[in-house]
1. Taking only complete DSSP H runs, can you tell me which helices of chain B stretch 30 Å or more along their own long axis by Cα positions and average at least -1.0 on the Kyte-Doolittle scale?
2. Could you compute the net charge surrounding A:His23? Neighbours are other residues with a C-beta less than 14 Å from the C-beta of A:His23; K and R count +1, D and E count -1.
3. Sequence gap at least 6, Cα distance under 8 Å: using those rules, report the relative contact order of the range B:572-663 to the nearest whole percent.
4. Any idea what log10 I(q)/I(0) is at q = 0.08, 0.09, 0.10, 0.12 Å⁻¹ for the range B:2-277, Debye with uniform C-alpha scatterers and no solvent?
5. Taking the DSSP beta bridges in the protein assembly as shown as the whole, what percent of them are antiparallel, to the nearest 5?
6. Assuming a viscosity of 1.567 mPa s and a temperature of 4 °C, what translational diffusion coefficient in µm² per second does Stokes-Einstein assign to the range A:119-172, Rh being the Kirkwood radius over Cα pairs?
7. Whole number please: convex hull volume per residue, Cα atoms of chain B, in Å³.
8. Over the Cα atoms of the protein assembly as shown, what Rg and Dmax result, in angstrom?
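What follows draws every value from the coordinates through simple rules; no lab data is involved. Note that the coordinates shown come from a computational prediction; the quantities given were computed from them, not determined experimentally. Cβ coordinates were reconstructed from backbone atoms using ideal geometry, including for glycine residues, and neighbour counts include every protein chain displayed.
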Amino acid sequence: MIEVQSLYKSFGKEAILKDVSFHVQKGSIYGLLGSNGAGKTTLMRIIAGILKQKNGHVRVLEEEVFDNERIKQKVVFLPDSLYFLPQYTTRQMADYYSKMYDSWDEERYQKLKRLFQLDEKRKISQFSKGMQRQVAFWLAMSSMPDVLILDEPFDGLDAVMRQKVRNVMIQDVAEREMTVLISSHNLREVEDVCDHVGILHQGEILLERDLDDLKADVHKIQVAFQEEAFHPEASGLDILHQEKRGSVFLLIVRGNEGDISAEMKKHRPLVYDRLPLTLEEIFIYEMGGVGYAFENIIV
Amino acid sequence: MRSKTLSFNKEIIKQDFRNVGWVSIVYFLGLFFTLPMQLFMEMSREEPRIPNGHGLFSSIFTYELQLFFLFVMPVLMAVFLFRYLHVKGASDFAHSFPMKRGRLFNHHILSGVILLILPILLNYLILFITAGVADVESYYKVTNLSYWLWLFSSMTLLIFMVGVFVGTLTGLSAVQGILTYILLVLPAGLYTLIAFHLSSYIKGYSGDVVLEQSIQYFSPLADLVKFQRYGPDTAEVPVGTIPLIIYSVVMAVFYIASLFLYKKRPLESAGRALAVRALNPVFKVGVTFCFALFGGMYFTVSQYEYGWMITGYLIGGTVGYAGASMLLEKTWRIFNGRHLKGWFAYGAFTGALIALIPFLWQNYESYVPERSEVDRVYVSGGYWQYQSMVNEEMDIPFITSPEAIQSTIDLHEQLIEVSDPLEGGRDYFFFVYQMKDGSEIYRQYSVDDKEVSEAKKAVYETEGYKNIQYPVLALESDKVNQISIDSYSGQGRKEFYDPEQITGFMEAVKEDIEGMSYEDIVTPRGLYSGVHFTVDGDPDNPFHFQLHLSFEKTMDWLKQEGFYEEAMTLPEDIHRADVYRWPQNHDFPHTDARFILDRLKEAGVEPLEVKGNEEIGSLMEGQSNQEKGAYIVAFYFDERYSDHYEVLSFDNGQAPGFIKEHFE
């Protein structure tokens, strides 16, 4: 659906993106995480077909996207700083969008009007920042895109609206297999929306994960043994992190849950608990080994 | 979906109208008030002004105001229409839609063209309908109106497309506006600057010739402004049909270049001075160079010294370099090593260029045509005299005799030796050689005339030169309706119409001129009278000349006819004459008698005051235009007007006895 291969982009002499590759499948919601200045916005502008990369390939719906009218018909991009035509009302913007996108769905527009409860005859510039973001979603969703690209989409939305927007989006993903690419500097913000995440740091993708796999794959366990015979290193488990408090071990282990508990049972533990693990922790432990100060990246 | 790709999107046009419709409305109103409204006002006057034959381009229709709108509105249109390109949010917005860049560009161009042509067309229609219902023949004809429509449409679109082109090149709207005008006058400006500097470096190079003959081809704005609405028989329309067609071609070139640039333009350049990074150094060097030339010209014009010229380059170049760097980096804090290095590199390069130019032009400087190759030659005291004859399509009195051509070539050779383009002098020489192969060679020099007086004398005494200096030699007496002679004092005036008298006068004058010596030409004797002719009913002609006492045959003729008392200044017309001794040991910046007289008066030197008619009569034999001598005489014609005086001077030998006695 979206395929980025060894992408390189620079502004003047300053390289913004160096060798970025990743892949977003049809019908998935992909979270692109990164700190400020990581190159998220630039990457999204390239995927939306606005900027042209210097090297590498950016394919959306199997075609190079830059200045590709046919592909861009199916792609809607919502930038982080919103822009509306000056002095325009939502209705006028809707007319503009409807002439731009062949797939514009007026019925959908009317339906969403009831959901957002905004006055379509009012000038958009008079709306608050949060309301403007709703207008942008409203217009984007009414254009019925196959690919939706959202740059920091939840800025300025309150919890209720955020939920509404998320529901509309997920509905489209479920019903018509819309593909969504969301960027954020905050993991917690996208944790409950995305099924895949990629982390962009200093112009490179550090890692890419399927969240469901990740959650099934990394475990936090607490064990205590009678004898002092247990050595985590010798156990043959893929241990990402360990701590020892008295006789209690706190371990972050990667691997199949069944295998881990079988291994533990061999040592006949006094205590064997599985503890809940947040996505953030998973990342921190995964990355910790690589030596990055991960907290700084996602916060 | 395919069909939609090809069709045009009216929402974009609609949005453009909402955005820049006001420019169109202002343009309409501007033209409406300068054209139809002026016409209605004029027609309702009780005493309408007489139109001058330029129709809608005349002063009745305030051509200057029309030009103002023509220059300003298309640029505003280009700036505001493509404003979105220069704002990051707007640019991302516009280009995130499924529309190819070229198609989007064409939509905006279409809006711009419609919005600019509409006001012109509406005014055209108003004037067209008015012509149908009222009698406006004396103000404009329909052909003139159609030409107006064509001219305004072409020029509007040309200026608009230049604005669009600059817009695609830059990332700042303010820079777009300024650069558009710079680009519109740049060729002409550069041409002026370069011609000026070449004239200061290269002996014989005449910047005036180059500029006068072709400056309008280098800028559409100059072309439009140069239109003379006053005076007869100049062009009827500001821009001819062929230039208009050329402008349309240029416009098309700008359109294609803009479209190409628009497609290639990196959108992230919104907000940067230049969108195409490769142009940054070109821009910087260009601005620096132009500023340096301008600085050099400024200081040269005011100081005429080589040192000041270099100072001008330094100051101008530095200002230009700093300005361009500031603009490109959008900060005034540009004072760092990198820029200093660039500045030095530029300085070294141009320094080398300045040193090299004279070598490159050495052939030009030292070139003197071979006599055998010259068909004919024109020489005079300046380029303008020649140009005015060309403008008025007169027969130019070229020198054709081989001896005279040789004398001219000799003079030319001497001038090359003594002239210094930057020093200059009071005496100007302008040469036009027409070669046998059909080519023309122009040269211009200015020197102090003492240095070349021998060679100059040889040329001046030729018949050919006299034909140039005295066009009256070529005037046939049967074409003359009237001759008037005004004495210098302003008290006498003689007019005569009789063909016989006219013939007699002209024969005497021609004989005198043909026999004139160099001294008589350069430093004629006495107080002259102005002679004017009416030829074929036209009093405006170049045949007038100054009649001096040295025209002896003419003086005899005047006396014989009894015209002398009215035509020439008599001792009785002079209230008094002041005689000063010419100071010998002073170093004055100028050496002409009038300048020195003024210094003497300032210094309060006591003159010898002469009032007797006989004495004054003898003083009137003095010479004018001398640069050295023994005595200076100032003649006052009326005691109430001490500013109206004429100056003659005497060498020691020729001075009347009574002044010699007085001063000894």
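1. Numbers: long enough: B:10-34 (33 Å, 0.56); B:101-133 (48 Å, 1.48); B:142-169 (40 Å, 1.59); B:173-201 (39 Å, 1.38); B:241-264 (35 Å, 1.56); B:279-303 (35 Å, 1.10); B:306-329 (34 Å, 0.80); B:337-360 (34 Å, 0.92).
Result, helices passing both filters: B:10-34, B:101-133, B:142-169, B:173-201, B:241-264, B:279-303, B:306-329, B:337-360.
2. With Lys, Arg at +1 and Asp, Glu at -1, the net is -2.
3. On the way: 136 pairs, mean separation 34.8, N = 92.
This gives 38 percent for the range B:572-663.
4. Log10 of I(q)/I(0), two decimals: -0.40, -0.50, -0.61, -0.83.
5. Among the beta bridges of the protein assembly as shown, antiparallel pairing accounts for roughly 85 percent.
6. Values: Rh = 11.8 Å.
For these conditions, the coefficient is 109 µm²/s.
7. Normalising the Cα hull of chain B by residue number yields 230 Å³.
8. Every Cα atom of the protein assembly as shown included, Rg and Dmax give 43.8, 155 Å.
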